[in-house]
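**Q** The structure is given below, and queries will be raised subsequently.
The values are calculated or read from the model by the stated rules, or taken from the named source; none is laboratory data. Everything quoted here is computed from the prediction, not taken from an experiment. Positions of Cβ are generated from backbone atoms using ideal geometry, with glycine treated the same way; all protein chains shown enter the neighbour counts. Side chains are part of the model used for accessible areas, which takes the heavy atoms of the whole protein and leaves out ligands, DNA and RNA. Shrake-Rupley method; radii C 1.70, N 1.55, O 1.52, S 1.80 Å.
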Amino acid sequence: MADTAQFYTGLIAELYEPLAGSLVSAAPIKRFVQRYGTPALELACGAGHPMLDLLSDGLQVHGVDSSMDMLDLCRSKGADMGLQPTLFCQRMQDLALAEQYRCCYFAGASFCLLDDIDDACATLAAVHRHIQPGGAFLISLFRPQMEKQPSQVRRKIMADGTTGTVRSIAQSENRQQQTVTTTLRYTHEQDGKLLDAVERDWLTRWYTVKQMTDLLEAAGFDILRCTDYDGAAAEPSATDFSVVALAT
């Protein structure tokens, strides 16, 4: 069983958001929160995207993540924006907060980081406990594509002039367990000199539409809609999709 709190530490926490292949647009998340109400809870909020944008727009959103390093980055970014985000350091499967929320959401597909089905079920049950009756839950899923190895390097010049890079150097799939393991190598360089390097396995679990909706219903949710990432109704064979469910 993978421990995401240990993956998103140190150099990886520092470089994860700047080197992400793509960042989720804040606009659809904002519309979701505006529609279903606040207070809202962003699960796996990481370094603060898109939660900080919603806070800047005056929406009451709290964040929870298992990585203290990521939360420290979120606080720092928030301070630069004149914000003081309310953050909690907890594993999503152990979620135990004092407040209930009008809506909860994963901005990205971080639920897929739970490779153990028992942890996945515990997470959905915990989220259900934290949503007010009739409140909404947004969850997104994806299936990583197998890549030729090593993959193309993603590189960015940081604010201090140093260079951060990441590449996938190995990848394997377990179809029976529905998991993909990707070995990522992050590096930090200055003027061609290596300052730091970290290699870690990034383990994800994928779900079919039926598997995900069945798990949500077992946790006490009613499925409101299931769409692909373009907003159309998701086909049963969809591998990348989002579900909006209501807590009963």
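**Q** Out of segment 20-42, which residues are modelled with pLDDT of 95 or more and either outside any helix (DSSP H, G or I) or among the acidic types (Asp, Glu) (or both)?
**A** Hits for segment 20-42 are Gly37, Thr38, Pro39, Ala40, Leu41, Glu42.
**Q** On to the next question. Could you list, in sequence order, the residues of segment 200-224 that are of a type in the set (D, E, K, R) and either more than 20 Å from the chain's Cα centre (by Cα) or open to solvent by less than 50 Å² (accessible area, probe 1.4 Å) (or both)?
**A** Passing the criteria: Arg205, Lys210, Asp214, Glu217, Asp222.
**Q** Considering Gln90, Gln60, Gln132, Gln84, which residue is open to solvent by 30 Å² or more (accessible area, probe 1.4 Å), under 28 Å from Val209 (Cβ atoms) and of a type in the set (S, T, N, Q)?
**A** Working: Gln90 fails: under 28 Å from Val209 (Cβ atoms); Gln60 fails: under 28 Å from Val209 (Cβ atoms); Gln84 fails: under 28 Å from Val209 (Cβ atoms).
Criteria check complete, one pass: Gln132.
**Q** Restricting to segment 33-69, give me the number of residues that are under 12 Å from the mean Cα position of the chain (by Cα) and aliphatic (A, V, I, L, M).
**A** Within segment 33-69, residues that are under 12 Å from the mean Cα position of the chain (by Cα) and aliphatic (A, V, I, L, M) number 5.
**Q** Quick one: in segment 140-172, of everything that is in a strand (DSSP E or B) and of a type in the set (A, V, I, L, M), which residue is most open to solvent (accessible area, probe 1.4 Å)?
**A** Here the residue is Ile157.
**Q** Being basic (Lys, Arg), out of contact with any His (no Cβ under 7 Å at 6 or more places or on another chain) and closer than 23 Å to Leu124 by Cβ, is that true of even one residue in segment 18-30? Step through it out loud before you land on a result.
**A** Taking segment 18-30 first, the residues basic (Lys, Arg) are 30.
Keeping just the survivors that are out of contact with any His (no Cβ under 7 Å at 6 or more places or on another chain) gives 30.
Still in the list and also closer than 23 Å to Leu124 by Cβ: none.
No, every residue in segment 18-30 fails to be basic (Lys, Arg), out of contact with any His (no Cβ under 7 Å at 6 or more places or on another chain) and closer than 23 Å to Leu124 by Cβ.
**Q** In contact (Cβ under 8 Å) with a residue 24 or more places away in the chain, open to solvent by 40 Å² or more (accessible area, probe 1.4 Å), touching a His at 6+ places or on another chain (Cβ under 9 Å) and in a strand (DSSP E or B): does that describe Asp196?
**A** Details: in contact (Cβ under 8 Å) with a residue 24 or more places away in the chain: yes; open to solvent by 40 Å² or more (accessible area, probe 1.4 Å): yes; touching a His at 6+ places or on another chain (Cβ under 9 Å): yes; in a strand (DSSP E or B): yes.
Here the answer is yes, as Asp196 does meet what is asked.
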